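Asks: My structure is below; once you've seen it, I'll send some questions.
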Amino acid sequence: MTEPTNDSGFETRAVHAGQAFDPTTGAVIPPVHFSTTYAQDGIGGLREGYEYGRSGNPTRTALETQLAALEGGAHALSFASGLAAEDALLRAALKPGDEVLLGNDVYGGTYRLIARVLGAWGIGVRVVDMSDLGAVRAALEDRPARIVWVETPSNPLLRITDIAGLARLGHDAGALVVVDNTFASPALQQPLAFGADVVVHSATKYLGGHSDVVGGALVLNDEALYAEAKFLQFAVGAVSGPLDAWLTTRGIKTLALRMRRHSENAHAIAEFLSGHEAVERVYYPGLPSHPGHEVAARQMSGFGGIVSVALADAASARRFAESTRLFQLAESLGGVESLMNYPDEMTHASVRGTELAVPPEVVRLSVGIESVADLLADLDQALAGL
C-alpha cells in the first residue's frame, strides 16, 4: 500500500497515513511495538534508525506520520500529554528573557506552565484578547514577543481568532505563531494552511476521542525548530508509550465521522439552550449571534462539539452542573460520551484571580455522539430544577 498524499481526502489520510500493512504477515493493522530496545547490525548499525524506546518506536512513528498528514505539516511529534508537548515547544523556542503573548481565554494548564513553571526560568507572559487583532497589534508594538499563542475556538468561552490575520501580525513582529487546535481538531480546522507556524494538540481529547488515553502532539514545518523539539522529546523523555500511541491512532481513524456528529449535536443543543429562559448566554461559534461566527465559518468546516453557557449566577451554574444524568460531571472533553464541567473549580482553577479567570456562572458542555433527543431531555430536566 502506498502512503496517501496531501491531495488525498482527509478521511483517507486519517485511515491510511503511517498505517501500511505488516509486510511479514499481511496484517492490515500494524503491530504495536512494545520493545524497549532494538538489535543493531554491528555497533551503530541501526535498523530504520531505532535503538531505544525513548528515542524512537515504530508505533509512535506511525502516529507521528498520521498526525503530520492530518494537519498538512512536514513533521509531527507525539508526547505523553498535551502539556508535555507544550513544554517541549516552549523550551525549544524560548530563552530566558523572552515573552509569550497569550490569549486571555486558554486552558488553565497552559497558563500555569508558562507563568509558574517557566516563569521561574525567566520566561515572561502577557495576556491579550486574541479575537481582537487591534489589541494584538498594539501589544506587539508595545514590546516584542517571541511566541504568539492562541486557542481558537478557545477554552472555555469559545472565542474565535482569525488565524491568517494573527499569523500576519505575528510574523511582521518576528514572532512564532502557535495555535492550539484541540477544540476544532484537524477534521474541522488546519491552522498551518492559514499561516500558523506550529499546531499544538492535547491528543487526549478529540484525536483519541474515547477518554481512554492521554497524549499530546506538535505539528510544524520548520526544520530547525522540529530538530530542537525532537531533541527535547528524546533528552527529556516525555514520550507517548506504544499502547498510548496505538490507541490514539485508532481514535484518529474515526475522527472525521465523530466530529461531524459532535458538531451536529452541539449545534442542536446550542440552539435549544439559547432559547431557554434559565440561560443567560450561550457560547457557540455555530450560532449567527456569536461575534466570531463569520470568521469561524471561513476557517472551519464545522463548529465543533463544545458549548458553554452562562446561568443566572454561580449557584445556578453549580446546581445545573450537578443535576444532569447523561452528561457526566468530569474533567476533560472530546470523548464520545457527553461531559459537564464547571471550569471555575475544575479545569481552570489555576487561573482564578488572573486575567484568564472564568466567570463563576459559566458551565462547559462537551457534547458527545449520543442520540441528541436524549441529551436535550437531560439538559431540559436539569434546567427545570433551577
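The values are calculated or read from the model by the stated rules, or taken from the named source; none is laboratory data. Just so it is clear, the structure is predicted and the values come from calculations on it, not from any experiment. Here Cβ is always computed from backbone atoms with ideal geometry, including for glycine, and neighbour counts include all displayed protein chains. The accessibility values were calculated without ligands, DNA or RNA, using every heavy atom of the protein model including side chains. Shrake-Rupley method; radii C 1.70, N 1.55, O 1.52, S 1.80 Å.
Asks: Would you mind stating whether Val213 is in contact with a helix residue (DSSP H, G or I) (Cβ under 6 Å, 6 or more places away or on another chain) and hydrophobic (A, V, I, L, M, F, W, C)?
Replies: When the stated conditions are applied, Val213 passes them.
Asks: State which residue pairs qualify: first residue at positive phi and inside region 54-72, second residue in a helix (DSSP H, G or I) in any location, beta carbons under 7 Å apart, and separation of 6 or more residues or different chains.
Replies: Gly72/Leu192; Gly72/Ala193
Asks: Which residue is nearest to Gly9 (Cα to Cα), if the candidates are limited to region 43-67 and must be open to solvent by less than 10 Å² (accessible area, probe 1.4 Å) and of a type in the set (A, V, I, L, M)?
Replies: My answer is Leu67.
Asks: Still on this structure, I have one more. Select the strands (runs of 3 or more DSSP E) contained entirely in region 167-279, then report the ones holding at least 3 residues which are more than 20 Å from Val295 (Cβ to Cβ).
Replies: 198-202, 216-220
Asks: Applying the selection to region 197-210, what residues are touching a helix residue (DSSP H, G or I) at 6+ places or on another chain (Cβ under 7 Å) and open to solvent by 10 Å² or more (accessible area, probe 1.4 Å)?
Replies: Matches in region 197-210: Ser202, Thr204, His210.
Asks: How about region 280-310: which of its residues are out of contact with any strand residue (DSSP E or B) (no Cβ under 7 Å at 6 or more places or on another chain) and either in a helix (DSSP H, G or I) or hydrophobic (A, V, I, L, M, F, W, C) (or both)?
Replies: Passing the criteria: Leu287, His293, Glu294, Val295, Ala296, Ala297, Arg298, Gln299, Met300, Phe303.
Asks: Tally up the residues in region 113-142 that are under 18 Å from Ala93 (Cα atoms) and part of a loop (DSSP other than H, G, I, E, B), please.
Replies: 2
Asks: Quick check, is Glu345 on the phi < 0 side of the Ramachandran plot and open to solvent by 60 Å² or more (accessible area, probe 1.4 Å)?
Replies: yes
Asks: Have a look at Thr182, Thr249, Thr254 and point out the one that is surrounded by fewer than 22 Cβ atoms within 10 Å (Cβ to Cβ) and polar (S, T, N, Q).
Replies: Going through Thr182, Thr249, Thr254 in turn, just one is surrounded by fewer than 22 Cβ atoms within 10 Å (Cβ to Cβ) and polar (S, T, N, Q): Thr254.
Asks: So Arg352 clears everything in (1) open to solvent by 10 Å² or more (accessible area, probe 1.4 Å); (2) basic (Lys, Arg); (3) under 18 Å from Ser211 (Cα atoms) except one condition, right? Which one?
Replies: All conditions pass for Arg352, except number (3).
Asks: Sticking with this structure for a sec: Hey, any hits in region 274-295 for a residue that's under 19 Å from Lys205 (Cβ atoms) and aliphatic (A, V, I, L, M)?
Replies: No: zero hits.
Asks: Would region 319-340 turn up any residue that is more than 17 Å from Glu264 (Cα to Cα), open to solvent by less than 10 Å² (accessible area, probe 1.4 Å) and either in a loop (DSSP other than H, G, I, E, B) or in contact with an Asp or Glu (Cβ under 6 Å, 6 or more places away or on another chain) (or both)?
Replies: no
Asks: Considering every residue within region 101-122, establish whether at least one is among the charged types (D, E, K, R), open to solvent by 20 Å² or more (accessible area, probe 1.4 Å) and more than 22 Å from Gly241 (Cβ to Cβ).
Replies: Yes: one or more hits.
Asks: Now for a different question. Restricting attention to region 84-96, does a residue exist that is without any contact (Cβ under 8 Å) to a residue 60 or more places away in the chain and crowded, with 18+ Cβ neighbours inside 10 Å?
Replies: Scanning region 84-96, I find at least one residue that is without any contact (Cβ under 8 Å) to a residue 60 or more places away in the chain and crowded, with 18+ Cβ neighbours inside 10 Å, so the answer is yes.
Asks: Scan Leu77, Leu70 and give me the residue that is open to solvent by less than 20 Å² (accessible area, probe 1.4 Å), farther than 18 Å from Phe34 by Cβ, in contact with a helix residue (DSSP H, G or I) (Cβ under 8 Å, 6 or more places away or on another chain) and assigned to a helix (DSSP H, G or I).
Replies: Selected residue: Leu70, the only one of Leu77, Leu70 that is open to solvent by less than 20 Å² (accessible area, probe 1.4 Å), farther than 18 Å from Phe34 by Cβ, in contact with a helix residue (DSSP H, G or I) (Cβ under 8 Å, 6 or more places away or on another chain) and assigned to a helix (DSSP H, G or I).
Asks: For region 350-363, which residues satisfy the criterion of being in contact (Cβ under 8 Å) with a residue 60 or more places away in the chain and either within 17 Å of Ala310 (Cα to Cα) or assigned to a loop (DSSP other than H, G, I, E, B) (or both)?
Replies: Thr354, Glu355, Leu356, Val358, Glu361, Val362
Asks: Could you grab me the full set of residues in region 1-51 that are of a type in the set (A, V, I, L, M, F, W, C) and either modelled with pLDDT under 90 or assigned to a loop (DSSP other than H, G, I, E, B) (or both)?
Replies: Residues satisfying the conditions are Met1, Ala17, Ala20, Phe21, Ala27, Val28, Ile29, Val32, Phe34, Ala39, Ile43, Leu46.
Asks: Next question. Quick test for you: out of Ala296, Ala266, pick the one residue that is within 13 Å of Leu379 (Cβ to Cβ) and either open to solvent by less than 20 Å² (accessible area, probe 1.4 Å) or among the hydroxyl-bearing types (Ser, Thr, Tyr) (or both).
Replies: Selected residue: Ala266, the only one of Ala296, Ala266 that is within 13 Å of Leu379 (Cβ to Cβ) and either open to solvent by less than 20 Å² (accessible area, probe 1.4 Å) or among the hydroxyl-bearing types (Ser, Thr, Tyr) (or both).
Asks: Same structure, new question: Output the qualifying pairs, or none if there are none: Cβ atoms under 8 angstrom, residues six or more apart or on different chains, first residue in region 310-337 and closer than 23 Å to Gly216 by Cα and free of Cβ contacts under 8 Å to residues at least 12 places away in the same chain, second residue open to solvent by less than 10 Å² (accessible area, probe 1.4 Å) and of a type outside the set (Val, Ile, Thr).
Replies: Ala330/Met340; Ala330/Asn341
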